[in-house]
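What follows draws every value from the coordinates through simple rules; no lab data is involved. This is a predicted model, so every value here is computed, not measured. Note: ideal-geometry Cβ built from the backbone for every residue, glycine included; neighbour counts use all protein chains shown.
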Amino acid sequence: MTGRHILVVSIPAWGHTYPMLSGVAELAARGHRVSWLATGAFEAAIGKAAEPVRYRSPMEGVRADSRNVAEVMPLMLEEARAAFQALAEFTRAEKPDLVVFDVMAWAGWALAKKLGVPAICSWPVFASNEHFSLNREYVTFDEQAMHAMFGQIGAFIEEAGLHDVSPQDFFESDAARNIVLFPREFQPYGETFDARFTFVSPCIRESEHSADADWLRAAKPLAAVSLGTIYTDNIEFYRTCLAAIDRLGWHGAVSLGGTVRPSDLGPVSDRVLLRDRLPMIDTLRHASAFLAQGGLSSTMEAIAHGVPLLIAPQMGEQRAVADRVAELGLGVMLPDSFTADELADLLTTVTRDEKTARRLAEFRRGMLDGRGAGEFADAVETEL
């Protein structure tokens, strides 16, 4: 296929960036010109796969409570406004042939409408159709707040010159073509998604070859602990995990997320590695269990390395992931509160369970076929 210009639009969140990196790099390797909206800390990673379209995001560095829809939705609209302005300027001289936009990147959907070019929606979270929707089943909306929000969306639509688009259309950002960045088997009601949805093998990152790799390799058994990048101030969660790990005599690798300091946790043994941000792939390559919040991207990375999951969801989307992990026998959802002794017992049970190990091995075989990047690129080229 003759090289075309593809514009990728995502939000500044690693769980929405990592899953597309190798697929975008594959498109560039096939001779396409690929541009990708990028801000601040994300520019270096994106720049390895595509031509960065620089802008300043109001979302970067802001810790909005995404459990509170009334708090996060205005921030998402600010992000859409800033991204749309940058993209409109970038495309003024040349329209792209296709826009690939993250399901939360409203600006990408709006730009494609404005330019009249085809668009593909990418889903690093559970996809939605008439049979399943995260918003319907796992998110609580405040009717008054949403009414006010739709008024603000309407104002933005007018600013953008999208006069034939309703606030509901903008909020839903439906696309005729969708790429779901994980296996159909993991999607709730996956069998009900029609030909508009292409499920691809996950694009799992390569090893970081970090300075901690030798320590992680020698740490056996090893429990990896992370609350992702948003809900990282739960000191009691970290303390309980460390106490459980200590009672088992295990090693622990803990990602503190930059908000909790090592001193906040008190003294820890030399069997514990504390980092603001763990080299997660190096860690999962040697982990016996993953205690995490249930981000879908990190969940896929754990499964790809055969690591059983113990999920402590912090929001509705993560509770949906935890439910699916439990349904598929790939781990457990932790209760809302638990003691170190209870967690130590769960760690022992989950890591020794033969059914869990067998299910992880089966699921892993289907994921590690090396097709993820190629499948993503194929789906984009099909739309072109």
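Overview of values
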read-out: Gap separating the Cα centres of the range 101-173 and the range 270-298, nearest whole Å; value: 33
read-out: Candidate values (1) 18.5; (2) 17.4; (3) 24.2, label of the one derived for mean projected area of the Cα convex hull in nm²; value: (1)
read-out: Fully extended contour minus Cα-Cα distance, from Glu172 to Lys355, at 0.36 nm per residue; value: 62.0 nm
read-out: Gyration tensor (alpha-carbon) shape descriptor, the range 292-384, a/c threshold 1.5; value: oblate
read-out: Estimated FRET transfer efficiency (Asp246, Gln85; beta-carbon r; R0 56 Å; 0.05); value: 0.65
read-out: Phi to ³J(HN,Hα) by Karplus 6.51 cos²θ - 1.76 cosθ + 1.60 over the range 13-21, Hz, x for Gly, Pro; value: 9, 5, x, 9, 9, 3, x, 9, 4
read-out: Segments 182-189, 359-366 sorted - mean Cβ within 10 Å per residue, highest first; value: 182-189, 359-366
read-out: Nitroxide proxy distance, nm - points 7 Å out along Cα→Cβ at Leu384 and Thr259; value: 4.1
read-out: Estimated vicinal HN-Hα couplings, Hz - the range 176-182 in sequence order (Karplus 6.51, -1.76, 1.60; Gly, Pro = x); value: 6, 10, 9, 10, 9, 8, 7
read-out: For peptides 163-174, 100-111, sequence by mean Cβ density within 10 Å, most packed first; value: 100-111, 163-174
read-out: In nm, spacing of pseudo-spin labels at Asn129 and Gln152 (7 Å Cα→C-beta vector); value: 3.3
read-out: Potential extension, Glu137-Asp336 segment - 0.36 nm per residue separation minus Cα distance; value: 69.8 nm
read-out: Integer Hz, Karplus 6.51/-1.76/1.60 couplings in order for the range 222-228, x for Gly and Pro; value: 10, 9, 8, 10, 7, 10, x
read-out: Gly252 long-range amide H proximity, modeled H, under 5 Å; value: Ala223, Val272, Leu273
read-out: Protection proxy ranking, peptides 206-212, 18-24, 147-153, average beta carbon neighbours within 10 Å, highest first; value: 18-24, 147-153, 206-212
read-out: Chain lengthening between Glu71 and Leu368 when straightened (0.36 nm per residue, less Cα-Cα); value: 103.1 nm
read-out: Simple spin-label estimate for Arg217 and Glu185 in nanometres, 7 Å along Cα-Cβ; value: 3.1
read-out: Principal axis dimensions, largest first and in whole angstrom, of the range 213-367 by Cα; value: 41, 35, 27
